[in-house]
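Quick notes on the structure that follows.
What follows is calculated from the coordinates using simple rules that are stated; it is not laboratory data. None of these values were measured; they are calculated from a predicted model. Methodologically, a virtual Cβ is constructed for each residue, glycine included, from the backbone with ideal geometry; neighbour enumeration extends over all protein chains shown.
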Amino acid sequence: MAKDSKIVQRIEKLLSIRKEQDGEAQIVEAEQIVHAIEKIDSREAFTQVQKRIQKHKNRKRFLLILTRAAAIFSVPLLITSVLFFYKVRNQSTPDQFAMQQISNPPGVRSEIVLPDSSKVWLNAESSISYKIPFDFKSRDVKLVGEAFFEVKEDKHKPFQVESGNVNVTVLGTRFNCKAFPEDKEIEVVLAEGKVELNSVGSKKGKGIILNPGERAIINKVTNRTYISAGNIDKYIGWHEGKLIFEECPLPEVARQLERWFGVEVEIADTEILSCHISTTFENESLYQILTLLELASPIKTTLIPATFEKETQTKSREKVIITSKN
């Protein structure tokens, strides 16, 4: 009996090694093992083998049924998911979009690529906000400050810039929009294409049309629009790194330097307020510009470096003081 027990253990060991075989192969091998061992009750051993194989088959059958059931349930779930996604894609509620806002501090300019591949050059002290992705019927952008737009054409999705109380609607064009909160006017300058100007809330198609080379000035109070044509380089050159002054009053020059370099500019002498500047700067440093301004005009400039207060952990801005040479 002890010998029979050892043989049985050997058979069981062989069977455990061969669990990975399929059912028919296990049966064939088990029969060979049983017939090869005469001293063991072959019928009893074969019965035990069949029980183990049947148990394995039942397990595989259960897994197969479970897999089929999962497939049956997953089909309507997939259909429901597709319908839900389709429904979401075809609705345009604000909750389905993320708002992107980009702001530039004084002295910083940036180039932005919008979701439709249109490009925006955002000036200093300016911010822009828009949905990601754009709406399905239009491409809407809100602007505070100044930006130059290079809009990718899409006849089915007009591009609209809301700035102050003015909407600028385009299909594909290049234009500049300037609407700083402290300014009394909104300025739109068209380089290429065609744009339509409307008051916020008014219907499209009834606004003022601008043609290339035209500049529109909209009074924020009266909402009246003045259009002029001429050289527009001085209005749009900033996005290419150019500061173009053409008979520009000194206070406006000072304000542009503040935005451009993030400094504070003070005109100390009132007698030079009526001074006008005509010159062009391209990618010059603040020090170079101040030096050239002194050479080309009756002014003197003093640059005061920024300071850092350890107690308050604050840093002051650089300051430029403009005085008369006399």
query = Listed here are the pairs LYS220/LYS325; LYS119/LYS315; LYS242/LYS300; which of them are more than 30 Å apart at the Cα?
reply = LYS220/LYS325; LYS119/LYS315
note = By the C-alpha gyration tensor axes a ≥ b ≥ c (rounded if a/c is under 1.5, else prolate when a/b exceeds b/c, else oblate), the shape of the range 216-286 is oblate
task = Pull out a ≥ b ≥ c, the square roots of the eigenvalues of the alpha-carbon gyration tensor of the range 121-226, then state rounded if a/c is under 1.5, prolate if not and a/b is larger than b/c, and oblate in the remaining case.
result = rounded
query = Alpha carbon centre of the range 139-169 versus the range 223-245: separation in Å?
reply = 17 Å
task = Take every Cα pair under 8 Å in the range 144-279 that's 6+ residues apart, average their separations, divide by the length, and report that relative contact order as a whole percent.
result = 16 percent
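From the square roots a ≥ b ≥ c of the eigenvalues of the alpha-carbon gyration tensor of the range 180-237, which class results: rounded (a/c under 1.5), prolate (a/b over b/c), or oblate?
oblate
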remark   = Charge tally for neighbours of ARG259 with beta carbon under 13 Å away, counting Lys, Arg as +1 and Asp, Glu as -1, is -3
